1. If I fit a long axis through the Cα atoms of helix 251-261 and take the longest principal axis of the Cα atoms of the chain, what angle between them do I get, 0 to 90°, rounded to 10?
2. Report, to the nearest whole %, how much of the accessible area of the stretch 67-181 belongs to carbon and sulfur atoms, 1.4 Å probe, protein only.
3. Out of the stretch 186-223, which trypsin sites (Lys or Arg not before Pro) are coil in DSSP terms and have no more than 11 other C-beta atoms within 10 Å?
4. Of all DSSP beta bridges in the chain, what percent run antiparallel (nearest 5)?
5. Can you pick out the pairs among 260/352; 367/421; 588/622 whose Cα atoms lie more than 32 Å from each other?
6. Over the stretch 18-146, consider all pairs of different Cα atoms and compute the Kirkwood hydrodynamic radius from their mean reciprocal separation; express it in Å, one decimal.
7. Calculate the radius of gyration of the Cα atoms of the stretch 181-274 to one decimal place, then report Dmax, the largest Cα-Cα distance, as a whole number, both in Å.
8. In the neighborhood of residue 239, defined by Cβ-to-Cβ distances under 14 Å, what is the net charge if each Lys or Arg adds +1 and each Asp or Glu adds -1?
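The values are calculated or read from the model by the stated rules, or taken from the named source; none is laboratory data. The shown structure was predicted, so the numbers you read here are calculated from the model rather than taken from an experiment. With ideal geometry, Cβ positions are generated from the backbone for all residues, glycine too; neighbour counts draw on all protein chains shown. Areas reflect the complete protein model, heavy atoms only, side chains present, ligands, DNA and RNA absent. Shrake-Rupley method; radii C 1.70, N 1.55, O 1.52, S 1.80 Å.
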Amino acid sequence: MIDRETVERIKGTANIVEVVSDFVTLRKSGAGYKGLCPFHNERTPSFVVTPARGTYHCFGCGRGGNAVDFVIEHEQLTYPEALRWLAKKYGIEVVEKEMTDKERQEQNEREAMFIVNEWAAGYFEDLLRNNEDGKALGMQYFRARGFRDDVISRYRLGYDLRNRFALAAAAKRAGYKDEYLLKTGLCYQTDRGELIDRFADRVVFPWIGLSGKVVGFSARLLDMRTKGVNQKYVNSPDSDIYHKEKELFGIYQAKKAIAKEDRVYIVEGQTDVLSMAQCGIENVVANSGTALSVNQINILHRLTDNITLLYDGDEAGIHAALRGTDMLLSEGMNVRILLLPDGDDPDSYARKHTANDFREYVGHNQKDFIQFKTSFLLGHTTDPQQRSEAVDEIVKSVAVVPNPVLRDTYLHGASVATGVKEITLINRMNGFIRERKQGAPAAGKPVTNPAVSAEETDRTAQIERMIARLVVRQGEQIAAKNVIGKEGKAADLTLAQFVYQNLDADGLRLSNDVYQSILEETASHAGEPGFAAGQYLANHDDITIARTAMNLLVDKYDRMAEDDGNRDGGTEKTNGVTGGGAERLRKKAGHLLLDFRMDYVEKKLRDLTGRMTAPGVSDDEKREMKAEYISLHGMRNQLARMLAQNVI
């Protein structure tokens, strides 16, 4: 974490005109400057920079903010990454928080792996352009596919020599250690200790992460060697810096176009990305044939809510499109599906058409998931049972959409497309939602007792959300004074530390993993000078934590937040703590913790009741469970009394 003093120095030094001028041609206009907005297409300048306030604003698309906001938006960086970007521009040394020896070692190892990968990418590029075999074999392969030099350079394509010992020898001459060649997966080791090049005699496609660092590689056999070979591609193995399910090929090159077009096209392979980019469609990435993961969707969510799945028009392509739809919908993405003419994949289609042709085809042929599923599932059947099952499949997809307004819109479209009454679809959808709540994990964990109701699951989620929201909003504030620690010393505890230690003492944790991570991180940082939980978490490197924290910060219209406000009895502040200082904050947190424990004990009691009445339980087991039940029941009564006394 960058220390507060450095953050303020970066913000104070960054000149909004200088920063924006790196990307936009600005002309003086009165007390400010004007230019064409870099975030949307326009012919008349509506983008204004005001030096006196240090801000920018576009009157066309509404985007605006300060220099840090501009770098975040334009370069698609996180808050810490944008600060480092500005620090580098102005020559400011970035002071990080003091790390442990283990953290420092891990960071150094990761950085060393990135450095080795960067060297390897340059090594492969150089071979492609300057080595005789690289030019005759590797470059010839790319030329035969029709790729121009600018595309080859932009995506940093390369070639690796047939000699399987050459890369390791070159790396050693350049001063790189064997351990990092192995950790990155560039090489593997034989029983005799020899380092063997994983990508030898192949063309190489570097995978570049959102921040511009080379995280891994894919390498393809040349066409002359692919006959009868099942595995044409070899990929970097999972490592500390590369996990295939967390990366998207082409994301670094596409991120600005995705943000500007407010849409991303997903294709299956690297060459599909290259061909589409060459024909002028730059907002395209590939997941390389695997189903989209939540991590990949989260990366895209930072750039746009709109996604078009682009697949071959054959049966395999149709099923691939259907496979990823529900996860995208459940993550709040607006999903469209585009099938290419039968016999074409994105690579072959893009090579035969211009960007305008492609955009025209998209406009006429992409469908939202309701249209697509309806036409595919209902298009060739008149059997009533099959039609009923197909409608159920469509409604199940609608049921995972988190936005209720969007769900209603989709259901209306489904009603029109299927001819089924909208009220019938609504009732069916509500049934699927209830089933999912009863059978799905409660707040991120498996439900072991099938008798647990949706309402009970919701209660657990609500209590944990209220705890997490309190931690995000006030986690750094003092909640308990002069608490005696394990060493016998008295210390003040922040709210986050108070909550964490209270749960940890009984071996308890929040069942929602994101909330638990928020609690742990805030508790570990909360005592640092100048630390603000909300700001730190909302700008976290983990997009899931950042998005969750932002939602918890702004959900003041949430019913639970209103309930909190009613219990607060107003918003008067004393010493920075809502409603009267540390004691009131401690009492508020204590009440939530008692609620959490009560919910935990009641679930244990229900579970014991179910187990005691289950068939096949021995008398000895029943006696043990009854003794545990009596103990838990006494604990429940004690918690009830404490809750009655703990009135905020």
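1. Its long axis makes an angle of about 80 degrees.
2. That share works out to 48 percent.
3. Working: sites: 192, 198, 202, 213, 220; in loops: 192, 198, 213.
Hits after loop and neighbour filter: 192.
4. Details: 39 of 51 bridges.
Just about 75 percent of them are antiparallel.
5. Exceeds cut-off: 588/622.
6. Values: mean 1/r = 0.0534 Å⁻¹.
So the Kirkwood estimate lands at 18.7 Å.
7. So, for the stretch 181-274, Rg and Dmax equal 15.3, 53 Å respectively.
8. Details: positive: 110, 183, 198, 213, 244, 246; negative: 106, 109, 111, 179, 238, 240, 245, 247.
Residues near residue 239 contribute -2 overall.
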